[in-house]
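Just below is one structure, and these are the notes that go with it.
What follows draws every value from the coordinates through simple rules; no lab data is involved. On a predicted model such as this, the values are computed, not experimentally measured, just so you know. We place every Cβ from the backbone using ideal geometry, glycine too, and count neighbours over all the protein chains shown.
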Amino acid sequence: MRLRLTHTDLAKVSAISLAVVFLIVPRTSDAAAPQSRPALQGKYMAAKQNPVISGWATEVIQNTVKNGRVKVWVYFTDKGFADDAGLAASATVQSVALSTRQVWRRAKVGRDRVEFGDLPVRQDYVDQIIATGGVLRHTSRWLNAASFEIDPDLLSGLAALPSVRKIDPMIGFKYFPEPTVPTPPGMGSLQKPMNTTAPDALNYGNSYSQLQQINVPAVHTLGYKGQGVIVCMMDTGYRKTHVAFAPAYAESRVLAEHDFIFNDGNTADEPADQPGQMNHGTYTWSALGGQADGSLYGPAYGAQFLLAKTEDIRSETPIEEDNWVAGMEWAETFGVDVISSSLGYSDWYTPASFDGHTAVTSIAASHAASLGIVVCNSAGNNGYAGLNAPADADSMITVGAVDIYGLLAGFSSRGPTADGRTKPEVCACGVSTACANPGGNTTYTYASGTSLSCPLAGGCAAVILSAHPTWTPMQVREAMMRTGSNTRCPNNNDGWGIIDLLAAVNYPQGTVPGDLNYDSSINLADIMVEINAIYRGAADPPGPNTLDVNRDCKVDALDIVLLNDYVYRSGPPPPNPAP
């Protein structure tokens, strides 16, 4: 029960206000919520770039020739029309139709109709390049582009084609290798289950600690386990026969799979794969959605799954970005709700490129978010060396790693992005994370890296959508961030902190910044809450709004002044603490 505000308290507030009110300039949080922006700019006819192959692209292409060929993106000027009427006519002619699930998910963000990015790339444009000797890899509806392997000597001829807007090199990526980290004390035996004492609790085995750290078991007891949500895993492949995945297959919750390396429908290891191809994906899928009572549970063990095999470990650059973009577009056609990816290292981009709007994968990630998809990606294992694409995308949930004691892992990549945004968004356990062992069908192991913290966050996003199916990606992102352990003072090490899934599920959307008592307005009662906390030792109110109203990472008289100035002097509103 809060104490009453006395005349002495009011006098104290007024005196402070008069002394410093004209000196207060509320700091705008660098965590202000970015707007989900589509990659496509609404122009149906794009002018040719001048030059079509930039100096940067020329240099990279010259340095990436292999066996007389180079991999490139060719971007086109149009899809055969120049205005809205042309778009409508083209959509009709092409008989493009969105699935019921796509329409439902897109309606949450107001994009439930066929648009430019849904129409296919013009086949005659692609055929022109094939006729010159280019070998087609993938086409991208979202980017209005296609990727090819081609003799670099032919590129100048391609650049002269009227349909070609620009030509860029294909950038290679690597999944994050698992850092070698000692297993924490007390976690060496996979035979010793760690569990809650609640009679209706699941037997989480050795996954209990990593789930309890982010408050997953409490939400499972409420009945939310990712049911009704479609999650796409984007990784190296999967040991589909592991018992941790048996319930998903038995209940027909694995909806589809595709191998973008060999272009077939099998995401397990194949004869042409390098041994160990499926290891990384087995770790990540099991950490997100595994289910084996007494051994392992993922946060979203009740979700439906799409499996995309996009990363080829046979080469120095195991995944090309066109595989990843193709996987995103494939998953979107199924109406996917959450995509979990542990992609990270990029070659040839400069540090300035990681602004969220330059790298192809970052553009695709933001476009996916604009269509209603929650995209989670590992921050990376680069430590202070910083982020890479697509972790720099402004509309995704970038995930850092902590150990089971809550300490930030030394390998976890730090922000900010090139344009100064705080990253990562949140953290979860990425040190000795319990997961399925790809070496057999019944064994379990530990693995480390932000590759393991990311699927824990992705699973949490799916559980939130189980509880709140109508929430948009930005609402899910905001709920996870504003209930994190570091929401008062986010930084470029661990972002908004360790996830609290129960608090995120109960997050009150639409809260007013500075409304400390949650009565939907800022008034004298909020000043009372602030004064009681500062001068009488009252606790910080629960919820996303904190007593640090001016976002300077401390609670003091200046926070009272800001509220008082807003209430009595028509000053600027309190800074928005939302991400």
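Annotations for the structure displayed:
- Among Val121, Ala107, Phe76 - extreme Cα towards positive end, dipole of region 55-170, charges at beta-carbon: Ala107
- The residues neighbouring Leu408, those whose beta-carbon lies less than 10 Å from its own, together hold a net charge of -1 under the Lys/Arg +1, Asp/Glu -1 convention.
- Helix runs (DSSP H) in the chain reaching 24 Å along axis by Cα, Kyte-Doolittle at least -1.0: 450-467
- Remark on region 55-170: hydrodynamic radius 15.6 angstrom, per the Kirkwood mean of 1/r across alpha carbon pairs.
- In terms of packing, defined here as the mean over residues of other Cβ atoms within 10 angstrom, the peptides 482-489, 206-213, 547-554, 61-68 line up highest first as 206-213, 482-489, 547-554, 61-68.
- The chain, dipole about Cα centre (Lys/Arg Cβ +1, Asp/Glu Cβ -1), debye to the nearest 20: 760 debye
- Distance between modelled label sites at Asp112 and Gln274, nm, 7 Å Cα→Cβ extension: 4.6 nm
- Ala385-Ser95 FRET efficiency (beta carbon distance; Förster radius 45 Å; 0.05 resolution): 0.40
- Per-peptide average of other Cβ atoms within 10 Å, ordering 109-117, 69-77 highest first: 69-77, 109-117
- For a label point 7 Å along the Cα-to-beta-carbon line of Gln509, residues of region 449-467 with backbone N under 12 Å: 465-467
- Order by protection proxy (mean Cβ within 10 Å, highest first), peptides 261-270, 239-248, 417-426: 417-426, 239-248, 261-270
- Calculated [θ] (222 nm, deg cm²/dmol) that DSSP helices of n ≥ 4 give over the chain, each run adding -39,500 (n - 2.57): -8500 deg cm²/dmol
- Region 84-164 - charge dipole about Cα centre, Lys and Arg +1 at Cβ, Asp and Glu -1, debye rounded to 20: 660 debye
- In this calculation the C-beta distance from Gln62 to Thr470 is compared with R0 = 45 Å, giving a FRET efficiency of 0.35.
- Rounded, prolate or oblate (a/c below 1.5 giving rounded, otherwise prolate when a/b exceeds b/c) for the chain by Cα gyration tensor: oblate
- DSSP beta bridges fully contained in region 205-495 are about 25 percent antiparallel.
- Likely footprinting exposure, Val96, Val52, fewest C-beta neighbours within 10 Å first: Val96, Val52
- Of the residues Ile464, Gly449, Trp496, the one whose Cα sits farthest towards the positive end of the charge dipole of region 390-538 is Gly449 (charges of +1 on Lys and Arg Cβ, -1 on Asp and Glu Cβ, taken about the Cα centre).
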